Amino acid sequence: MTFRYRALFVGCSLLFVLRFVSLGQAQEGAKLYITPSKKEMEAKGSLLGKIKGPPNVVLILADDLGYADTGAYGSNSIPTPHIDALAKRGVRFTDAYVTASTCSPSRAGLMSGRYQQRFGFEFNTAGAAITHRESRGLDPAVITFPEVLQHTGYATGMFGKWHLGTRIHFHPNTRGFDEFFGFLAGAHGYFPVKKEERVYSTVMRNKTHLKEPEYLTDAFARETVRFIHKNKDKPFFAHVPFNAVHTPIEASKKYLNRFPDVKNPQQKTYNAMVSALDDAVGAIITALKETQTEKNTLVIFMNDNGGPIYTRVQSNAPLRLGKLFLFEGGIRVPMIMSWPGVLEAGSIYRRPVSSLDIYPTLCAAAGVVLPPELKLDGVNLLPHLNGEIKAAPHEALFWSNGPNKAVRLGQWKMVQTHDHVWLFDLENDIGETKNLARAKLEILKKLQSELNQWQAQMKPPAWPSKPRRRKVNVDGALYELNI
């Protein structure tokens, strides 16, 4: 190409480029048909802001908390402003139940959405060493709801006590949690450890052992807050099963100083532990506000079983007895559910519900359609809470603990142990003080029939209860504690 033609080619190319660039700019004097309007763009942004993706979920589980040890459930001696505020922003349940009166099987029912007896998880897994040696835990074939949420794109994290097996195939990282910070066994001290601990006892981050320097309740709150900030731009699920207020009864000076007038040292320390738990709940809610995720987050607070009576510091009033028993004090628990704009603030739900219902409720909230082959015993509570369904979520609820059985059908509750049976009218006798078994024989037969039909569907226990089965006198009958 000669210099003349090369110059002509370059000149034409330059004119073409300049002309192309000018198309994206306003030419002087040209009529502009479409330009951004500040008002309309603000309206567009407002509308887009109203389109919400799947909600975030925070499930907070207390451990051995007394039924009446928060202000929302009647305490006048332990201030719990953060838990109380959560109840005011959401739904407080009066008749919420767990599936067992001890830690481990209760958690199995919660995680699976099925009666844990369907896969033989009737008793605690025993001490940590036995649990590990004999590979006891939640059957790996069971699909947990964290696995479902993880599969559908949620960031999932767990911060606290597991108690569903210690071997690698039971580990939270293999059961639906991207992140895990906590311990695998049934109990742990609250202060920094001095010696190395075994895998089934140590605090760990995922699978890495560590020595946590902070008071453990504060540490679990800290890790949950970090997780929320890290995942604020995508759907997240944070499961926070605190070991508070399970034994050992231990509290840091910061919390003990809040109860200068409590003279009983054990009671003072327990009150301080509850106060620490409440602060932890407050820190998590604050993190939701700081990340502007609060309005699109479903928060659930509940307990794993009733408060124990052997510590002499928990209160389950007005319920009877506590942890280890199938009377109301052992299986009826505090439960609060908050979801701004979806659940009515300050409302109370008085029908019986179960921890089994958490699984299907969370899946429904997340828009997850479960396959029909995945059969759950729980039900989606959302249509019951918003008034779409007027009927009670459950016709009946059942419990089994070795020789101890129970069933609730409407207002009626039957408890039996060996050859003794109780029948209570919970609508008029929440404290289970009047045994109506002889006076209401037809009702008793109905409940026994329902229990027998349910029991026929369950599997035998996969392992035995602890060998030292203490017997306690209840109304002249021997109630055998199977742990």
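The values are calculated or read from the model by the stated rules, or taken from the named source; none is laboratory data. Model, not experiment: these values are computed from the prediction. Glycine also receives a Cβ, built like all others from the backbone with ideal geometry; neighbour counts cover every protein chain displayed.
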Can you name every one of the helices (runs of 4 or more DSSP H) wholly within region 1-103 that holds 3 or more residues which are at pLDDT 55 or above and under 57 Å from the mean Cα position of the chain (by Cα)?
38-50, 81-89
Quick check: is even one residue across region 111-118 farther than 23 Å from Lys413 by Cβ, of a type in the set (D, E, K, R) and part of a helix (DSSP H, G or I)?
no
Given region 198-275, what strands (runs of 3 or more DSSP E) lie entirely inside it while holding 1 or more residues that are under 21 Å from Asn305 (Cβ atoms)?
236-241
Of all residues in region 330-350, which are in contact with a Ser or Thr (Cβ under 9 Å, 6 or more places away or on another chain), outside any strand (DSSP E or B) and not aliphatic (A, V, I, L, M)?
Gly330, Trp339, Pro340, Arg350
Is it the case that His394 is surrounded by 12 or more Cβ atoms within 10 Å (Cβ to Cβ) and within 19 Å of Phe325 (Cα to Cα)?
no
Hey, does region 434-455 have a residue that's more than 30 Å from Ala128 (Cα to Cα), touching a helix residue (DSSP H, G or I) at 6+ places or on another chain (Cβ under 7 Å) and in a loop (DSSP other than H, G, I, E, B)?
yes
Which numbered condition trips up Thr311, out of (1) touching a Pro at 6+ places or on another chain (Cβ under 8 Å); (2) under 21 Å from Phe183 (Cβ atoms); (3) part of a loop (DSSP other than H, G, I, E, B)?
(1)
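Conditions (1) within 19 Å of the chain's Cα centre (by Cα); (2) within 22 Å of Ala100 (Cα to Cα), marked per residue:
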| site | (1), (2) |
| --- | --- |
| Leu376 | yes, yes |
| Val379 | yes, yes |
| Glu388 | no, no |
| Asn401 | no, yes |
| Gly410 | no, yes |
| Gln416 | no, yes |
Let me confirm something: among Ala287, Ala272, Ala283, which residue is more than 16 Å from Lys88 (Cα to Cα), among the aliphatic types (A, V, I, L, M) and buried (at least 24 other Cβ atoms within 10 Å of the Cβ)?
Ala272
In region 386-420, what residues are hydrophobic (A, V, I, L, M, F, W, C) and either in contact with a Leu (Cβ under 7 Å, 6 or more places away or on another chain) or at positive phi (or both)?
Ala396, Phe398, Trp399, Ala406, Val407, Leu409, Trp412, Met414, Val415
Out of everything in region 424-458 that is of a type in the set (Asp, Glu) and farther than 23 Å from Tyr115 by Cα, what residue ends up being surrounded by the fewest Cβ atoms within 10 Å (Cβ to Cβ)?
Glu442
Taking only region 178-197 into account, find how many residues are assigned to a loop (DSSP other than H, G, I, E, B) and closer than 12 Å to Met158 by Cα.
2
Residues that are farther than 19 Å from Ile60 by Cβ, aliphatic (A, V, I, L, M), surrounded by fewer than 23 Cβ atoms within 10 Å (Cβ to Cβ) and in contact (Cβ under 8 Å) with a residue 12 or more places away in the chain: does region 239-261 have at least one?
yes
Looking only at region 131-181, which residues are touching a strand residue (DSSP E or B) at 6+ places or on another chain (Cβ under 8 Å) and surrounded by fewer than 18 Cβ atoms within 10 Å (Cβ to Cβ)?
Gln150, Asn173
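With respect to Ala280, is the statement that it is in the same structural domain as Leu343 (by TED's automatic domain parsing) and over 30 Å from Leu149 (Cβ atoms) true?
It is false that Ala280 is in the same structural domain as Leu343 (by TED's automatic domain parsing) and over 30 Å from Leu149 (Cβ atoms).
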